[in-house]
């Protein structure tokens, strides 16, 4: 994931500093009957300024930069699409795991397919001798990747592949799946090419999005809800009306 980390040190607004200076003057102290909302706000600003002086915080003239670094707020370059004076922020650019694998391990996928061609795996699977000299981007079509959660650091990545197989009887398309095991260990990422098959059975594993976010179907949600009801409420509860009359469940 390409990202730009934005960090802004704490600061105190210049208005608070001015309010503190005004209070230190002789004529700045208001009477109780004339204390308005503005005076209350000024008092709060003074307290913030005093606290900021104790912490040695810098003073900012622009109070609107609460979450954005001032160095990237004002755009002084009028040559781009952003008008002068408008705010411009660099944010994270999320990259899906599908794109990451295709961009960084495409050659490794071709290598694995060629190994399966040389050792006769593909020939045994289709029942004919493969006459293709090499599997490259003209023969191998990497269509899609399906992700399945194993645990917090490991997941399956099933790569759907379409091959243009050349045999003695002619050429025809053939679909298969590259089964890979992926793992995160700290900041390192590992991938292992496990097997080549025509179908996989991932029952018991949670389906993940291309960004490795788990998918939960309505059936899965019902199963989890039913399990909570069985676990934290005595008795087998199957009626929807009875569920609505129960008090909220507080799980430990």
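The values are calculated or read from the model by the stated rules, or taken from the named source; none is laboratory data. Because the structure is a prediction, the values reported are computed rather than measured. Here the Cβ is made from the backbone with ideal geometry for all residues, glycine too, and neighbour counts use every protein chain on show.
Residues checked against (1) farther than 22 Å from residue 98 by Cβ; (2) touching a helix residue (DSSP H, G or I) at 6+ places or on another chain (Cβ under 6 Å); (3) loosely packed, with under 10 Cβ neighbours inside 10 Å:
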| residue | (1), (2), (3) |
| --- | --- |
| 134 | yes, no, no |
| 149 | no, no, no |
| 153 | no, no, no |
| 183 | no, no, no |
| 186 | yes, no, yes |
| 212 | no, yes, no |
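Conditions (1) more than 30 Å from residue 124 (Cβ to Cβ); (2) outside any strand (DSSP E or B), marked per residue:
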{"position": "164", "(1), (2)": "no, no"}
{"position": "172", "(1), (2)": "no, no"}
{"position": "176", "(1), (2)": "no, no"}
{"position": "182", "(1), (2)": "no, no"}
{"position": "191", "(1), (2)": "no, no"}
{"position": "196", "(1), (2)": "no, no"}
{"position": "200", "(1), (2)": "no, yes"}
{"position": "210", "(1), (2)": "yes, yes"}
{"position": "222", "(1), (2)": "yes, yes"}
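Of the residues making up the stretch 123-143, those that are free of Cβ contacts under 8 Å to residues at least 40 places away in the same chain and not in a loop (DSSP other than H, G, I, E, B) number 5. Scan the stretch 153-162 for residues that are part of a loop (DSSP other than H, G, I, E, B) and under 18 Å from residue 131 (Cα atoms) and the total you get is 0.
Within the option set 185, 138, 153, 179, being at pLDDT below 95, closer than 30 Å to residue 93 by Cα and in contact with a strand residue (DSSP E or B) (Cβ under 9 Å, 6 or more places away or on another chain) holds for one residue only, 153.
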